[in-house]
Amino acid sequence: YREYWDNGNIKLRRDYSGSEVSTEQAYDSDGTELLNDAAVAEIIAGFSNYKGEPATDDDVVTMETNAGIIKLRLFTEMTQGHAYNFKRLANFGYYDGTKFHRIIPGFVVQGGDILSRDTHRGNDGQGDAGYSIDAEFNPRPHVKGTLAMARSQNPNSAGTQFYIALAKLTQLDNKYTVFGEVTEGLEVLDAIAATPTDQADNPLMPQRILKIRVE
């Protein structure tokens, strides 16, 4: 059995052995294999055992997206916890294949949710890795290219999801932890921000993070 997206890319492949399903694989509209619930749980479990290394001022973040490459630097003086958390997630590969699931032009692009890799589009933005880190609010302002952590109403609820500011956002200053900034690739950020979205601000065509590494 084969099912296809409107653009011709395969959406679902199901193979049978007699009348029983032997294998099944779902794909996003850009051709990326989607994860089932067991695969998501396996990634989260594997990450829990990965310690990683502390972030340093010399680290360079390379974020490969389907729109191009964005480079960032991390702030370690006042936000060592967030910088380490991000570096650990990135170098484990936790972000690989995830999407920018929330895009609001003139505001932010948000990503970092492992559930954006599964088959349930409606849960994008609801995932975490089962832990949270304490806030490290600081005086750094939100300007275009600012890297900060998303959170719930609880100030100490940041985990894996992050956002990049698309403009000066003084209303977020000292309320969210700013821990880095874009150094190259603002034009890539603009291209991602220009993609059409649905009513939930989720891009109609995937804006995918292919890989993030901090070295």
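The values are calculated or read from the model by the stated rules, or taken from the named source; none is laboratory data. All values reported here derive from a predicted model rather than from experimental measurement. Backbone-built Cβ (ideal geometry, glycine too); neighbour counts: all protein chains shown. Side chains are part of the model used for accessible areas, which takes the heavy atoms of the whole protein and leaves out ligands, DNA and RNA. Shrake-Rupley method; radii C 1.70, N 1.55, O 1.52, S 1.80 Å.
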Enumerate the pairs (first residue in segment 44-70 and farther than 14 Å from Tyr94 by Cα; second residue anywhere and surrounded by fewer than 16 Cβ atoms within 10 Å (Cβ to Cβ) and polar (S, T, N, Q)) with beta-carbon separation below 9 Å, excluding pairs fewer than 6 apart on the same chain, so at least 6 apart or on different chains.
-> Val60/Thr183; Val61/Thr183; Ile70/Thr183
Would you check which residues across segment 94-103 are in contact with a helix residue (DSSP H, G or I) (Cβ under 8 Å, 6 or more places away or on another chain) and either in a loop (DSSP other than H, G, I, E, B) or surrounded by fewer than 22 Cβ atoms within 10 Å (Cβ to Cβ) (or both) and list them?
-> Tyr94, Tyr95, Gly97, Thr98, Phe100, His101
Can you name every residue in segment 113-156 that is closer than 28 Å to Leu186 by Cα and among the hydroxyl-bearing types (Ser, Thr, Tyr)?
-> Ser116, Thr146, Ser152
From the list Tyr84, Tyr131, pick out the single residue that is open to solvent by 20 Å² or more (accessible area, probe 1.4 Å) and in contact with a Pro (Cβ under 7 Å, 6 or more places away or on another chain).
-> Tyr84
Of all residues in segment 1-13, how many are in a loop (DSSP other than H, G, I, E, B), under 23 Å from Asn66 (Cα atoms) and open to solvent by 60 Å² or more (accessible area, probe 1.4 Å)?
-> 3
Filter segment 153-172 for residues that are farther than 17 Å from Ile114 by Cα and in a loop (DSSP other than H, G, I, E, B); which is least open to solvent (accessible area, probe 1.4 Å)?
-> Leu169
Restricting attention to segment 26-75, report how many residues are of a type in the set (D, E, K, R), assigned to a loop (DSSP other than H, G, I, E, B) and under 21 Å from Asn9 (Cβ atoms).
-> 2
If you check Tyr16 against the conditions, is it of a type in the set (Phe, Trp, Tyr), surrounded by fewer than 17 Cβ atoms within 10 Å (Cβ to Cβ) and at pLDDT 95 or above?
-> yes
Can you name the residue in segment 49-81 that is surrounded by 19 or more Cβ atoms within 10 Å (Cβ to Cβ) and of a type in the set (A, V, I, L, M, F, W, C) and is also nearest to Pro139 (Cα to Cα) among such residues?
-> Phe75
Going through segment 35-44 in order, the residues found to be open to solvent by less than 50 Å² (accessible area, probe 1.4 Å) and more than 16 Å from the chain's Cα centre (by Cα) are Ala39
Filter result (under 17 Å from Gly111 (Cα atoms) and open to solvent by 60 Å² or more (accessible area, probe 1.4 Å)) within segment 139-152 = Lys144, Arg151, Ser152
Taking segment 173-203 and keeping only residues that are over 24 Å from Asn85 (Cβ atoms) and either open to solvent by less than 60 Å² (accessible area, probe 1.4 Å) or in a loop (DSSP other than H, G, I, E, B) (or both), one is left with Ala191, Ala193, Ala194, Thr195, Pro196, Thr197, Asp198, Gln199, Ala200, Asp201, Asn202, Pro203
Within segment 111-128, how many residues are open to solvent by less than 20 Å² (accessible area, probe 1.4 Å) and either outside any helix (DSSP H, G or I) or of a type in the set (Asp, Glu) (or both)?
-> 5
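Any residue that is open to solvent by 70 Å² or more (accessible area, probe 1.4 Å), touching a Gly at 6+ places or on another chain (Cβ under 9 Å) and either in contact (Cβ under 8 Å) with a residue 60 or more places away in the chain or within 15 Å of His120 (Cα to Cα) (or both) - is there at least one of those in segment 24-34?
There is at least one residue in segment 24-34 that is open to solvent by 70 Å² or more (accessible area, probe 1.4 Å), touching a Gly at 6+ places or on another chain (Cβ under 9 Å) and either in contact (Cβ under 8 Å) with a residue 60 or more places away in the chain or within 15 Å of His120 (Cα to Cα) (or both).
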